[in-house]
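Colleague: Take this structure, written in structure tokens, and hold onto it; I'll ask about it next.
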Amino acid sequence: MNIYNNLNQIIQKIVKEEISSGVGLNSELLDRINVEPPRDSSHGDFSSNAALVLAKTSKWSPRELAREIATALKAQPGIENVEIAGPGFINIWMTERFWRERLREILLTGVSYGDSDLGKQETINVEFVSANPTGPMHVGHGRGAVLGDAIGNLLEKIGFRVLREYYINDAGTQVDTLARSVFLRYLEALGQKIQEIPEGLYPGEYLIETGRKIAEKDGDQWADKKESEWLDHFKRYAISDMMDLIKSDLSALGVTHEAFVSERVLIDTGAIEAVLEQLKARKLVYTGTLAPPKGKVPEDWEERPQLLFAATKFNDEIDRPLKKSDGSNTYFASDIAYHKDKFDRGFERMIDVWGADHKGYVARMKAAVEAVTDANALLEVSLCNLVNLLDDGKPVKMSKRAGTFVTLREVIDLVGKDVVRFMMLTRNNEALLDFDVSKVTEQSKDNPVFYVQYAHARICSVIRNVKAEFKDLDVGDVALAEADFEELDHNTGLGLVQLLTNWPRIVEGAALSREPHRVAFYLNELAAAFHAFWNKGNDDETMRFIVSSSPRETLARVALARSIAIIIESGLKIIGVKPAEEMR
């Protein structure tokens, strides 16, 4: 149960059924009512702005209306006290019994606690990573992969159906460059000396294996051929091999895509020309001349007639070119066709995860989606900033295998999948992220991965020790839910339950805002609260989870600890991390 939403609904019901006379109610006004934790915990368990919102269309002042609402709230089960604060805030205190019941709810619901049907099984397409298939993934790609996957996990938890998709940019000059780079490695595999890799080609050693495979399969049949004869063959083979490499890297990160869509297939099937014709028919395409770019004009810029999409009709700053000077389609034209293809496959909701360097591309793509779907589809874009890879505070930039960057796989092999995934969500995705490989392996509270995992491992240790001390005591979740929670009060950990019951609210907020870093922040807060409570037991034996003289008290305290472990496990599942049962 999301107790914030539940209290909000109770307040709205009171307003509608008991004091609606004299209050001009409308859905927009009711939607502005919120229930939140107060900034100061001494001001209650919850606080609502209902009276302040409704007083604007009411015959009462905010404090008068707050008193009316407070009187009705006091009669609600589970509410111990209601007070009016300031200009009309409603502060609410819940009974200890209420919090004990929430503990029972968590134990019986398990890791599904926080699930909801908010999405009503609507389907959302989440496209992420979509790295050019020219080599292994770098650490920045890894951040986008974790972000996209975690967004998908969050959406599934609140009741959406998610299809994770990868768009393969297998057309364009970068693919020609890849083929030429592989051809060089192919000649090398045949025994020819290639000296230094020419400028403009990909120097990474990862292509040696691709060249060797082609040499083993085809022999020297391409060695003396013209480029026009071997280029397409090498493009197809290289792209397939690079996608296998990328999929392997993603698998090592725990990321799986259900769909892969090829740009080349869109071109070959005429999808791009078809969508351009659709735009022409709607008079959204014309031949025109663009003004020079703002700021410093590039040396190669020329004023010339171009085929343009009328993006300004859809709130973009300028109209956008669809054809290059050589008559070929721009990347933008391909992307329009790709998003139209998503819509034609039944996706009216789309989320794209892009690098922060594509920020200027967002408005035009949203305009295009609105145009080609007659405003029947919604595109959202989550931007993902760079990762600064460090080792003990010093930048790490080079990789022998990749040639110019450190590969994601190298970092996974060094620190592990779980560490990479958690660390990628320790900052807002639009902020730069420092990833220090020496710091993330430290066993200290300054390492958020360790800190959260250690909390879960400690709780697992408590349960193992209880089983050893009370051999006949059932500590399964169902048995723990039947514990005597009257043994718990705010001195013995009951106060932690309120933090636990924030979890459904955290999930919903993170999912709707597409901000999975909120989950990592919450887990760190929960771990800190648990460790602080644990440390009290080091100084005061009466605060420990295991009370040797009382199985009944032990069971209640273990129920609390197990509930914390459940929420940690639920949060780590969203991030894509396996909870630790012991720390080595």
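Colleague: Any residue in segment 146-161 that's surrounded by fewer than 22 Cβ atoms within 10 Å (Cβ to Cβ): show its pairings with residues that are in a strand (DSSP E or B) at Cβ separation under 8 Å, as long as the two are six or more apart or on different chains.
Modeller: Glu156/Val162; Phe160/Thr123; Phe160/Ile124; Arg161/Thr123; Arg161/Ile124
Colleague: Which one is nearest to Ile568 (Cα to Cα) among residues in segment 453-488 that are in a helix (DSSP H, G or I) and of a type in the set (Phe, Trp, Tyr)?
Modeller: Ranking the candidates gives Tyr454 first.
Colleague: Test Ile208 against the stated conditions and say whether it is assigned to a helix (DSSP H, G or I) and buried (at least 18 other Cβ atoms within 10 Å of the Cβ).
Modeller: no
Colleague: Identify, please: which residue in segment 572-584 is of a type in the set (D, E, K, R) and modelled with pLDDT under 95 and is, among those, surrounded by the most Cβ atoms within 10 Å (Cβ to Cβ)?
Modeller: In this case the residue turns out to be Glu582.
Colleague: Right, next: Select from segment 416-452 the residues that are more than 21 Å from the chain's Cα centre (by Cα) and of a type in the set (A, V, I, L, M, F, W, C) and list them in ascending order.
Modeller: Residue satisfying the conditions is Val437 alone.
Colleague: From the list Asn524, Asn535, which one is over 31 Å from the mean Cα position of the chain (by Cα), part of a helix (DSSP H, G or I) and surrounded by fewer than 21 Cβ atoms within 10 Å (Cβ to Cβ)?
Modeller: Asn535
Colleague: Testing Glu216 on (1) surrounded by 15 or more Cβ atoms within 10 Å (Cβ to Cβ); (2) touching a helix residue (DSSP H, G or I) at 6+ places or on another chain (Cβ under 9 Å), one condition comes back false. Which one is that?
Modeller: (1)
Colleague: Now, a different point. Inside segment 44-60, can you point out the residues that are hydrophobic (A, V, I, L, M, F, W, C) and surrounded by fewer than 21 Cβ atoms within 10 Å (Cβ to Cβ)? Write out each step before concluding.
Modeller: Kept after step one, since they are hydrophobic (A, V, I, L, M, F, W, C), are these residues of segment 44-60: 46, 50-55, 60.
The answer is Leu52, Val53, Ala55, Trp60.
Colleague: Continuing with this model, one more query. Kindly indicate whether any position in segment 258-268 is loosely packed, with under 12 Cβ neighbours inside 10 Å and either free of Cβ contacts under 8 Å to residues at least 24 places away in the same chain or part of a helix (DSSP H, G or I) (or both).
Modeller: Scanning segment 258-268 turns up at least one residue that is loosely packed, with under 12 Cβ neighbours inside 10 Å and either free of Cβ contacts under 8 Å to residues at least 24 places away in the same chain or part of a helix (DSSP H, G or I) (or both).
Colleague: Are there helices (runs of 4 or more DSSP H) fully within segment 96-194 with at least 2 residues that are in contact with a helix residue (DSSP H, G or I) (Cβ under 7 Å, 6 or more places away or on another chain), under 30 Å from Phe422 (Cβ atoms) and modelled with pLDDT of 95 or more? List them.
Modeller: Correct list: 96-109, 139-157.
Colleague: Can you give me the number of residues within segment 358-385 that are over 12 Å from Phe309 (Cβ atoms), surrounded by 20 or more Cβ atoms within 10 Å (Cβ to Cβ) and in contact (Cβ under 8 Å) with a residue 60 or more places away in the chain?
Modeller: 2
Colleague: Given Ile90, Ile69, Ile106, which one is within 31 Å of the chain's Cα centre (by Cα) and touching a residue at least 24 places away in the same chain (Cβ under 8 Å)? Reasoning before the result, please.
Modeller: Values: Ile90 fails: within 31 Å of the chain's Cα centre (by Cα); Ile69 fails: within 31 Å of the chain's Cα centre (by Cα).
It is Ile106.
Colleague: Could you identify the single residue in Glu541, Glu553, Glu569 that is surrounded by fewer than 23 Cβ atoms within 10 Å (Cβ to Cβ) and in contact with an Asp or Glu (Cβ under 6 Å, 6 or more places away or on another chain)?
Modeller: One residue alone meets the criteria, Glu553.
Colleague: Right, something else. Taking segment 23-40, which residues are assigned to a loop (DSSP other than H, G, I, E, B) and aliphatic (A, V, I, L, M)? Even if it seems obvious, please write down each step before you answer.
Modeller: If we filter segment 23-40 for residues that are assigned to a loop (DSSP other than H, G, I, E, B), which is where we start, we get 24-26, 32-34, 37-40.
Leu25, Ile33 - these are the residues of segment 23-40 that are assigned to a loop (DSSP other than H, G, I, E, B) and aliphatic (A, V, I, L, M).
Colleague: Within the group Val440, Val452, which residue is without any contact (Cβ under 8 Å) to a residue 40 or more places away in the chain and crowded, with 20+ Cβ neighbours inside 10 Å?
Modeller: Val440
Colleague: List the residue pairs whose Cβ atoms are under 6 Å apart, where the first residue sits in segment 193-208 and is on the phi > 0 side of the Ramachandran plot, the second is part of a loop (DSSP other than H, G, I, E, B), and the two are 6 or more positions apart or on different chains.
Modeller: Close Cβ pairs (under 6 Å, with a partner that is part of a loop (DSSP other than H, G, I, E, B)) do not exist here.
Colleague: Any chance you could count how many residues in segment 301-332 are within 22 Å of Ala171 (Cβ to Cβ) and among the acidic types (Asp, Glu)? Break it down stepwise before answering.
Modeller: We begin by selecting, within segment 301-332, every residue within 22 Å of Ala171 (Cβ to Cβ); these are 306-309, 320-332.
Filter once more, so that each one left must be among the acidic types (Asp, Glu): 326.
Of the residues in that region, 1 qualify.
Colleague: I've got another one for you. Kindly provide the set of residues from segment 331-354 that are within 24 Å of the chain's Cα centre (by Cα) and surrounded by fewer than 16 Cβ atoms within 10 Å (Cβ to Cβ), ordered by number.
Modeller: Result: Arg345, Gly346, Glu348.
Colleague: Quick check on Glu515: is it closer than 24 Å to Met1 by Cα and assigned to a helix (DSSP H, G or I)?
Modeller: Answer is no for this residue.
Colleague: Exactly one condition in (1) in a loop (DSSP other than H, G, I, E, B); (2) among the basic types (Lys, Arg); (3) within 30 Å of Gly110 (Cβ to Cβ) is not met by Lys13; state its number.
Modeller: (1)
Colleague: Consider Lys400 carefully, then state whether it is over 20 Å from Leu155 (Cβ atoms), surrounded by fewer than 21 Cβ atoms within 10 Å (Cβ to Cβ) and either within 20 Å of the chain's Cα centre (by Cα) or at pLDDT 95 or above (or both).
Modeller: Against the criterion (over 20 Å from Leu155 (Cβ atoms), surrounded by fewer than 21 Cβ atoms within 10 Å (Cβ to Cβ) and either within 20 Å of the chain's Cα centre (by Cα) or at pLDDT 95 or above (or both)), Lys400 does not qualify.
Colleague: Would it be correct to say that Asn388 is in contact with a Cys (Cβ under 9 Å, 6 or more places away or on another chain) and at negative phi? Let's see the steps before the verdict.
Modeller: Details: in contact with a Cys (Cβ under 9 Å, 6 or more places away or on another chain): no; at negative phi: yes.
So Asn388 fails the test.
Colleague: Please list, ordered by residue number, the strands (runs of 3 or more DSSP E) wholly in segment 281-381 having 1 or more residues that are modelled with pLDDT of 95 or more and over 21 Å from Ile151 (Cα atoms). Outline the logic, then answer.
Modeller: Details: elements: 285-289, 305-309, 349-355.
In segment 281-381, 285-289, 305-309 are the strands (runs of 3 or more DSSP E) which contain 1 or more residues that are modelled with pLDDT of 95 or more and over 21 Å from Ile151 (Cα atoms).
Colleague: Evaluate the following for Val547: is it touching a Ser or Thr at 6+ places or on another chain (Cβ under 6 Å) and not in a helix (DSSP H, G or I)?
Modeller: yes
The values are calculated or read from the model by the stated rules, or taken from the named source; none is laboratory data. None of the values given here were measured: they were computed from a predicted structure. Neighbour counts run over all protein chains shown; Cβ positions are idealised from the backbone, glycine included.
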